[in-house]
2 protein chains.
Amino acid sequence: MGLVVQKYGGSSVADAEGIKRVARRIVDTRKAGHEVVVVVSAMGDTTDELIELAEQVTPLPSGREFDMLLTAGERISMALLAMAIKTLGFDAQSFTGSQAGVITDSSHNRARIIDVTPGRIRNALDEGNIAIVAGFQGVSQVSKDITTLGRGGSDTTAVALAAALGAEVCEIYTDVDGVFTADPRVVKKARKIDWIAFEDMLELASSGSKVLLDRCVEYARRYNIPIHVRSSFSGLPGTIVSSDNPNKPEGGEMEQAIISGVAHDTSEAKITVVGVPDKPGEAARIFRAIADAEVNIDMVVQNVSTASTGLTDISFTLPKTDGQKAIDALGRVKDGIGYESLRYDDAIGKLSLVGAGMRSNPGVTATFFEALSEAGVNIELISTSEIRISVVTRAEDIPEAVRAVHTAFGLDTETDEAVVYGGTGR
Amino acid sequence: MGLVVQKYGGSSVADAEGIKRVARRIVDTRKAGHEVVVVVSAMGDTTDELIELAEQVTPLPSGREFDMLLTAGERISMALLAMAIKTLGFDAQSFTGSQAGVITDSSHNRARIIDVTPGRIRNALDEGNIAIVAGFQGVSQVSKDITTLGRGGSDTTAVALAAALGAEVCEIYTDVDGVFTADPRVVKKARKIDWIAFEDMLELASSGSKVLLDRCVEYARRYNIPIHVRSSFSGLPGTIVSSDNPNKPEGGEMEQAIISGVAHDTSEAKITVVGVPDKPGEAARIFRAIADAEVNIDMVVQNVSTASTGLTDISFTLPKTDGQKAIDALGRVKDGIGYESLRYDDAIGKLSLVGAGMRSNPGVTATFFEALSEAGVNIELISTSEIRISVVTRAEDIPEAVRAVHTAFGLDTETDEAVVYGGTGR
């Protein structure tokens, strides 16, 4: 029996009862003969309460101190969890990100892991302990300051430790039963996915599925660590994310398209740069300005230029929260580029269909657009990859569009599954 | 202008307003040209809330994990305090006990400082920062685990850093105006002491004065670091505790007794071992049994034995909380020692008069006992040192006894000072 890394989110350890329930689950895994490393988030609302305290003290908290503050949250949950496990008769020790050897760069509030040196964790395991590690945090390589990893940081901590320790699986416990073929809040007949490939999960995650963030999936894919997303409440098997389907059907690997699911995202806005001179380097200047403002963009579409004017339009989507920053950045380079105007639209939604073999199966694209058309949904932008088709529509059309596509690809389940859907940002 | 270490207790940083008020006070000191290192306790009730959480999870939390849990408290207050200082336009960085180089032994929940290596603090100061350090915590030398220092730990952290950094003074900010000649809740006419010698403060602290704990005073005396106990609310000068009176009167150093104050303590119990064979080694066996049970005893009194029986009684006082442990320990050695019985009494109080030159001024002792006699207070035990007389009485007699002695030694102030009295355990 090998080593298992388990990660529990804030909603799983929201109170003393939750912590005791999680402790029992951990001990069950230990009893089954596994070595267990647990990564835990802060309890329920702790992080929000700490943020509120900071806001009461200053409108603009310093990054270093904000990280020092927030990391108190995991410190509390991990110590309580270790106590609860010891009460069940098993040895447990808790470790901060720094103690666990999670080495990061110096970008406070959104640090990236650059190395994991889990010597103390390995020793704790060798001495028979269950090791509890604070998620979401690390220590910067140069200044030795405490850092936090930003959104999805606890999941990434878990995967990074799993990779560094050679775990056989990284279990991500959450408050849903796994990854679904669509958001169950929108599609009542969404089905739990038993297995999904890293690549498909990556596309789902970057297309709006919130169960796993792309960052964590990328890390797992790079080190080939299988992820098992499952509920800390039900204990049922969830979704395996890996490179190879463990339950591959006999004679599998056929070339038909395998649709993984439908993701949607209404957190983005669209900016259209109107009347851009259609000559080499203009797009580069636009996106350099955006990048310098530290704005991440998602879809990019450029239409064919009108021959008569020599001008073209460039549209891209980005998080609504970065909208003002991008508009300001583009405003500053308007004279240099010589575009005509900017249009900003934050009432958009994005819908993505993800699945392997999509491009080589023309029927998929046809079925996709037929379904949207029959649902009366107007399409504003289209972008595709090897295993994904995304469209931008009006935000208000998204629920109907998701349901239509989900049904068209035969993803609807027969029975209505009862699902609680949510998720924590860490 | 030299380096100043300031320590702020939990009641001074109970909420965002308190943190901002403390930040302004720190910045004022910085503006006056000092380098400033700040030691801060957890906010208000944070520690109690964390303890309650632990109790919800387990009846018997492990020491290591309990320390990990509790140290989250200072992490929150120190980060917020650093943010608040930065908002005022000064650079500040917060440091955990471990980062500040507070090295301790491995006794969780009551660790002792064995070394202080404040390299990072010194660097932070050299770079122009105000350094904020978590009180009450350190890191164990051998296992590198997080430890807490137990009662009075934040004060001790402050004094230890002051010693290691060569500070000119260690300011202990609290919610009272300084050290008083008696507990102002009991003696309305208690006077604030402007200066007190280390030795007298030690006796007051170990006799029940709660403003400073003996442990912190001992440390300051050993390294000769002046302590300034003062209010974080009023900002008035408080009490200087040092080896030399900075305001020594002209031609001072006369040999008359200088009474520092009256302390009392009703947190102790008295155990009397009745009918102990009066032969060498019996007392040693009794106190070895007590020591093995890790009980600290305070006063010890043995009466002259009755010649006819060859038996004597040994009485001692100890914290009420250790009463059962001591009784159990003595019960186990009863047959070996052959005493007759044990008497346990937890309705006692201790009153101590502290002052230099006491023993060489016989008038002091006489005045002391006359005052108690006139107040109708019955004395059960007496114990003296070079600069202290302590008596044990009924607990209910203590307030009246303290007032009587305070008045008899001319300690009463003319004006009624308005004083808020309290104190935090850390």
With the structure loaded, tell me whether B:ARG64 is at the interface with chain A (Cβ under 10 Å from one of its Cβ atoms), part of a helix (DSSP H, G or I), in contact (Cβ under 8 Å) with a residue 12 or more places away in the chain and over 27 Å from A:PRO59 (Cα atoms) or whether it fails that test. yes
Qualifying positions in region A:133-171 - in a loop (DSSP other than H, G, I, E, B), within 14 Å of another protein chain (Cβ to nearest Cβ) and small (Gly, Ala, Ser): A:SER143
Only strands (runs of 3 or more DSSP E) wholly contained in region B:236-348 count here; list those with 3 or more residues that are modelled with pLDDT of 90 or more. B:239-242, B:258-265, B:268-277, B:311-319, B:341-345
From the options A:ALA371, A:ALA356, A:ALA366, A:ALA395, residue that is of a type outside the set (Lys, Arg) and touching a helix residue (DSSP H, G or I) at 6+ places or on another chain (Cβ under 6 Å): A:ALA371
For region A:356-365, state whether one or more residues are within 23 Å of the chain's Cα centre (by Cα), part of a loop (DSSP other than H, G, I, E, B) and buried (at least 19 other Cβ atoms within 10 Å of the Cβ). yes
Can we say A:GLY44 is surrounded by fewer than 24 Cβ atoms within 10 Å (Cβ to Cβ), more than 7 Å from chain B (Cβ to nearest Cβ), touching a residue at least 12 places away in the same chain (Cβ under 8 Å) and within 23 Å of B:ASN129 (Cβ to Cβ)? no
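Residue-by-condition table, conditions (1) closer than 24 Å to B:VAL217 by Cβ; (2) modelled with pLDDT under 95:
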| residue | (1), (2) |
| --- | --- |
| B:GLY2 | yes, yes |
| B:ASP28 | no, no |
| B:VAL38 | yes, no |
| B:LEU70 | yes, no |
| B:ILE76 | no, no |
| B:GLY97 | yes, no |
| B:ALA100 | yes, no |
Output the qualifying pairs, or none if there are none: Cβ atoms under 6 angstrom, residues six or more apart or on different chains, first residue in region A:231-258 and farther than 26 Å from A:ARG388 by Cα, second residue modelled with pLDDT of 90 or more and assigned to a strand (DSSP E or B). A:SER232/A:TYR8; A:SER232/A:TYR173
Residues in region B:67-82 that are within 21 Å of A:ASP91 (Cβ to Cβ) and without any contact (Cβ under 8 Å) to a residue 60 or more places away in the chain total 1
Output the residue which, of all residues in region B:47-61 that are in a helix (DSSP H, G or I) and more than 7 Å from chain A (Cβ to nearest Cβ), is surrounded by the fewest Cβ atoms within 10 Å (Cβ to Cβ). B:GLU52
Considering only residues that are more than 14 Å from chain A (Cβ to nearest Cβ), farther than 22 Å from B:LYS210 by Cα, surrounded by fewer than 24 Cβ atoms within 10 Å (Cβ to Cβ) and touching a residue at least 60 places away in the same chain (Cβ under 8 Å), which ones fall in region B:6-40? B:ARG25, B:ARG30, B:GLU35
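Here's the yes/no breakdown for (1) aromatic (Phe, Trp, Tyr); (2) crowded, with 21+ Cβ neighbours inside 10 Å:
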residue	(1), (2)
B:ALA158	no, yes
B:CYS170	no, yes
B:LYS189	no, no
B:TRP195	yes, no
Do you know which residues across region A:203-232 are touching a strand residue (DSSP E or B) at 6+ places or on another chain (Cβ under 9 Å) and among the hydrophobic types (A, V, I, L, M, F, W, C)? A:LEU204, A:ALA205, A:VAL211, A:LEU212, A:CYS216, A:VAL217, A:ALA220, A:ILE225, A:ILE227, A:VAL229
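This table checks each residue for (1) over 24 Å from the mean Cα position of the chain (by Cα); (2) surrounded by 15 or more Cβ atoms within 10 Å (Cβ to Cβ).
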residue: B:PHE90; (1), (2): yes, yes
residue: B:SER94; (1), (2): yes, yes
residue: B:SER98; (1), (2): no, yes
residue: B:ILE113; (1), (2): no, yes
residue: B:GLY119; (1), (2): yes, no
residue: B:GLN137; (1), (2): no, yes
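The values are calculated or read from the model by the stated rules, or taken from the named source; none is laboratory data. Small disclaimer: the values here were computed from a predicted structure and weren't measured. Positions of Cβ are backbone-derived with ideal geometry, glycine not excepted, and every protein chain shown enters the neighbour counts.
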